[in-house]
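Trainee: Take a look at the following structure, please.
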Amino acid sequence: MPEIREKVDVCVIGAGHAGCEAALACARMGLETVIFTVSVDSIALMPCNPNIGGSSKGHLVRELDALGGEMGKNIDKTFIQSKMLNVSKGPAVHSLRAQADKAEYTRSMRMVLENQEHLTIKQAEVTELLYEELSEKEELATKKITGVKTYTGAIYEAKAVILCTGTYLKARCLCGEAITYTGPNGLQAANYLTDSLIKMGIEIQRFKTGTPARMDKRSIDFSKMEEQLGDEKVIPFSFSTNPEDVQIEQISCWLTYTNEKTHDIIRGNLDRSPIYAGVIEGTGPRYCPSIEDKVVKFSDKERHQVFIEPEGRYTNEMYVGGMSSSLPEDVQLAMYRTVPGLENCKIVRNAYAIEYDCIIPGQLYPTLQFKDVIGLYSAGQFNGSSGYEEAAVQGLMAGMNAGLFIQDKEQIVLDRSQAYIGVLIDDLVTKENFEPYRMMTSRAEYRLLLRQDNADLRLRKIGYEAGLITKEQYDYVCQKEKLIEEEILRLEQTKVGANKQIQEFLERNGSTSLKTAASLAELICRPELTYEMLEEIDPERKPLSADVIEQININVKYDGYIKRQLKQVEQYKKLEKKMIPADIDYDAIGSLRLEARQKLKKFRPVSVGQASRISGVSPADVSVILVYLEHYRQNREK
Ligand SMILES: Cc1cc2nc3c(=O)[nH]c(=O)nc-3n(C[C@H](O)[C@H](O)[C@H](O)COP(=O)(O)OP(=O)(O)OC[C@H]3O[C@@H](n4cnc5c(N)ncnc54)[C@H](O)[C@@H]3O)c2cc1C
């Protein structure tokens, strides 16, 4: 039989949250792209929590949308409840979170992929990567990717390959003593690709994560729980979504708690927990602990929150958030039935833990290309992260960069002052992560600048230059930026006097009266006043859209803090711009400490800034490198 041999530009292995974004980015850049999955019915599957966004994850989705990604649009079309979190705190931590109708989310994303020009979907397990050894090292690379082979022996020749295999490589699922060698939700695991990666010299590690049981809604007594409602006025994730289109009838979530009875059952059966019995090899996420971990590690806590969340509009399945577990089924039933409202619960799907192979991401450049293999990229859970949003943004960046690599254009690295995406990828490829990496606002040192509300102002230009944002979208944000700047300038230059009308206005709004004239901007800085409120004493203003007004309020009120953070960014950028040549010989730098030398040789950072963030590289080592690079530059100039 003639062998199947196809020629394409890009092969994307995986149609999860990372793979979908990577494939769409490449196809939208005009590249012939094939996306592989073990099951077409599991495209953009949400195997765990039924929500998109939340603290810092909402920022990632907004940034992805600003760059031209799909997740934000897809959740705006398929959500069943939406809430802006942390509104009592500052704008830096305001975060959107939406409950998804899981089946609709998958169906809708599949439709986008199926109708995307230049994109082919293929249900096939990729079992091997194809590559050639380079006769001479190119930068750090010794190999060049040439394509993939599937379980049928079919060959797809490609200029770039993007690995987005998630939780499927050599996956095994554990529910007490019951172990199944499958991917999530009983889907087929991918058992061959790991060996091919190891043969190429790629370092693999084993991680694990877990999910709670799903319950039949009819068996739950909601009268014993606190109803959690969505926001009255829903704010969309995507900058392209018309806010009127998301004002829909929402479905509630419910809050209940574990109690001492729950904790006793768990403590009494830890010997049957694969985690505590040492059966599980993989390392789990500290910030998504199982209920067993919570009871053991926070034994002083009398109760833990449990969120009962609908999995969709047309299903009775309810997700038991906060109680993921890998305890045996009988223990699960007993523990869940101690929770108020779940006394008669019926389990539709058992809780379980899943172990899977992934890489040590220090093998990647910040472009998400492998240092040792030209044209090979990776994204998502496979890179050691955890979460739909973390996966999706890596997928977009890997797709964008694979596309730019093929187009022989400069690849894109977002730095820590530009985006949460930059923080995420830098942390992954620069720091040693011994557990699945989950994004948090505390990880972003410049978070006052990286708000979810200004993601378009920060990133639209980059998406436009990569070919993923339309001219119309780009022009809109340029105009928006101009309107914001002009209006803030006008507010700073428009003074109001301490006259009767102003004093009455201030008194009516509980604000201190003026002694002398003040600018409108100075008034907006007062916590009790906003740009909207000043309309009655500011007749000259032109009508502006809500998104422009939002920026005016934030930029005027936080002007001082923003300016201070911009100063810090200037310092940070100085070291980021100091690039380190790929062929630097760290053994030649005598005064480097041993630990630093070993770490630098292992990570091969691209800049002094990245070097300074590697654990084990001290500020003194950074000074040594700076001096050495100066000599290196002078010698090259001679
Ligand atoms: C049980 C479970 C619990 C989880 N719990 C949490 C949690 O508590 N918190 C959290 O943040 N995240 C959790 N997650 C993780 C979350 O699901 C992932 O972060 C997210 O799905 C990762 O997206 P991804 O695109 O990287 O991979 P995935 O969504 O896993 O998609 C991988 C894709 O690759 C395909 N694939 C794999 N290998 C091959 C191959 N060789 N050939 C062809 N196709 C292949 C698969 O078919 C699939 O389409 C959990 C996941 C699971 C399974």
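The values are calculated or read from the model by the stated rules, or taken from the named source; none is laboratory data. If you're wondering where the values come from, they're calculated on a predicted model, not measured in any experiment. Neighbour counts are summed over all protein chains in view; Cβ atoms, including those assigned to glycine, are modelled from backbone coordinates with ideal geometry. Note: areas computed on protein heavy atoms with side chains; ligands, DNA, RNA excluded. Shrake-Rupley method; radii C 1.70, N 1.55, O 1.52, S 1.80 Å.
Trainee: Take region 19-56 and flag every residue that is open to solvent by 10 Å² or more (accessible area, probe 1.4 Å), away from the ligand (no atom under 11 Å from the Cβ) and not in a helix (DSSP H, G or I).
Mentor: Passing the criteria: MET29, GLY30, LEU31, GLU32, SER55.
Trainee: While we're here: Could you tell me whether region 370-384 includes any residue that is modelled with pLDDT under 95, touching a Gly at 6+ places or on another chain (Cβ under 6 Å) and within 15 Å of the ligand (Cβ to nearest atom)? If you could, list the steps in order and put the result at the bottom.
Mentor: Of the residues in region 370-384, the ones modelled with pLDDT under 95 are none.
Scanning region 370-384 turns up no residue that is modelled with pLDDT under 95, touching a Gly at 6+ places or on another chain (Cβ under 6 Å) and within 15 Å of the ligand (Cβ to nearest atom).
Trainee: Collect the residues in region 562-582 that are touching a residue at least 24 places away in the same chain (Cβ under 8 Å) and acidic (Asp, Glu), keeping them in residue-number order.
Mentor: If the condition is that a residue be touching a residue at least 24 places away in the same chain (Cβ under 8 Å) and acidic (Asp, Glu), then GLU576 is the only one that fits.
Trainee: Would you kindly identify the strands (runs of 3 or more DSSP E) lying entirely within region 327-382 that contain at least 2 residues that are open to solvent by less than 30 Å² (accessible area, probe 1.4 Å)?
Mentor: Numbers: elements: 347-349, 352-359, 376-378.
The strands (runs of 3 or more DSSP E) meeting that bar are 352-359, 376-378.
Trainee: Right, another one. Within region 574-594, track down each residue that is outside any loop (DSSP other than H, G, I, E, B) and surrounded by fewer than 14 Cβ atoms within 10 Å (Cβ to Cβ).
Mentor: Let us first name the residues in region 574-594 that are outside any loop (DSSP other than H, G, I, E, B), namely 574-576, 579, 586-588, 594.
Once the filter is applied, which keeps residues that are outside any loop (DSSP other than H, G, I, E, B) and surrounded by fewer than 14 Cβ atoms within 10 Å (Cβ to Cβ), region 574-594 yields LYS574, MET579, ASP587, ALA588, LEU594.
Trainee: Looking only at region 516-548, which residues are closer than 26 Å to ALA498 by Cβ and either of a type in the set (Val, Ile, Thr) or part of a helix (DSSP H, G or I) (or both)?
Mentor: THR516, LEU520, ALA521, GLU522, LEU523, ILE524, THR530, MET533, LEU534, GLU535, GLU536, ILE537
Trainee: Right, something else. As an exercise: evaluate ILE198 against (1) crowded, with 17+ Cβ neighbours inside 10 Å; (2) out of contact with any Asp or Glu (no Cβ under 7 Å at 6 or more places or on another chain); (3) not acidic (Asp, Glu) and give the number of the one condition it does not meet.
Mentor: (1)
Trainee: Can I ask one more? In region 206-231, how many residues are open to solvent by less than 40 Å² (accessible area, probe 1.4 Å) and within 16 Å of the ligand (Cβ to nearest atom)?
Mentor: Total satisfying the criteria: 8.
Trainee: Turning to a different aspect of this structure: In region 42-62, which residues are closer than 22 Å to PRO212 by Cα and not small (Gly, Ala, Ser)? Before the answer, list the steps.
Mentor: Step one: list which residues in region 42-62 are closer than 22 Å to PRO212 by Cα, which gives 42-55, 57.
Answer for region 42-62, where residues must be closer than 22 Å to PRO212 by Cα and not small (Gly, Ala, Ser): ILE43, LEU45, MET46, PRO47, CYS48, ASN49, PRO50, ASN51, ILE52, LYS57.
Trainee: Still on this model: Within region 174-195, count every residue that is near the ligand (Cβ under 9 Å from one of its atoms), open to solvent by less than 60 Å² (accessible area, probe 1.4 Å) and in a strand (DSSP E or B).
Mentor: 1
Trainee: Next question, about the same structure. What residue, among those in region 1-18 that are in a strand (DSSP E or B) and within 22 Å of TYR105 (Cα to Cα), is nearest to the ligand (Cβ to nearest atom)?
Mentor: Within region 1-18, the first condition is being in a strand (DSSP E or B), and the residues that meet it are 5-7, 10-13.
Now restrict to residues that are within 22 Å of TYR105 (Cα to Cα): 12-13.
Working: VAL12: 9, ILE13: 5 Å.
Residue satisfying both the conditions and the ranking: ILE13.
Trainee: Given the conditions (1) open to solvent by less than 10 Å² (accessible area, probe 1.4 Å); (2) closer than 30 Å to VAL279 by Cβ; (3) within 25 Å of the chain's Cα centre (by Cα), which single one is not true for VAL234?
Mentor: In the conditions (1) open to solvent by less than 10 Å² (accessible area, probe 1.4 Å); (2) closer than 30 Å to VAL279 by Cβ; (3) within 25 Å of the chain's Cα centre (by Cα), VAL234 misses (2) alone.
Trainee: Give all pairs with beta carbons closer than 6 Å in which a residue from region 420-438 that is more than 17 Å from MET397 (Cβ to Cβ) meets a residue that is open to solvent by less than 10 Å² (accessible area, probe 1.4 Å) and within 15 Å of the ligand (Cβ to nearest atom); count only pairs at least 6 apart in sequence or on separate chains.
Mentor: Listed by first residue and then by second, the contacts come to ASN433/GLY384; PRO436/PHE207.
Trainee: What number of residues within region 241-283 are open to solvent by less than 60 Å² (accessible area, probe 1.4 Å) and either part of a helix (DSSP H, G or I) or closer than 30 Å to GLY68 by Cα (or both)?
Mentor: Matching residues across region 241-283 total 10.
Trainee: Also, I was wondering about something else. Which pairs do you get when a residue that is free of Cβ contacts under 8 Å to residues at least 40 places away in the same chain, found in region 109-132, comes within reach of a residue that is of a type in the set (D, E, K, R), reach meaning Cβ atoms under 9 angstrom, with the pair 6+ apart or on two chains?
Mentor: Here the result reads LEU130/LYS149; LEU130/GLU157; GLU132/LYS143; GLU132/LYS144, each pair linking region 109-132 to a residue that is of a type in the set (D, E, K, R).
Trainee: Turning to a different aspect of this structure: Given the criterion within 16 Å of the ligand (Cβ to nearest atom), in contact with a strand residue (DSSP E or B) (Cβ under 6 Å, 6 or more places away or on another chain), open to solvent by less than 30 Å² (accessible area, probe 1.4 Å) and under 30 Å from ILE235 (Cβ atoms), identify the matching residue among ALA171, ALA124, ALA158, ALA98. Explain how you work it out, then say what you get.
Mentor: Working: ALA171 fails: under 30 Å from ILE235 (Cβ atoms); ALA124 fails: under 30 Å from ILE235 (Cβ atoms); ALA158 fails: under 30 Å from ILE235 (Cβ atoms).
The match here is ALA98.
Trainee: Here is a follow-up. Please give the number of the condition ILE584 fails out of (1) at pLDDT below 95; (2) within 30 Å of GLN479 (Cβ to Cβ).
Mentor: (2)
Trainee: Also, quick follow-up: Identify, from the list GLN411, GLN394, the residue that is of a type outside the set (Gly, Ala, Ser), more than 16 Å from the ligand (Cβ to nearest atom) and touching a Leu at 6+ places or on another chain (Cβ under 7 Å).
Mentor: Numbers: GLN394 fails: more than 16 Å from the ligand (Cβ to nearest atom).
Going through GLN411, GLN394 in turn, the sole match is GLN411.
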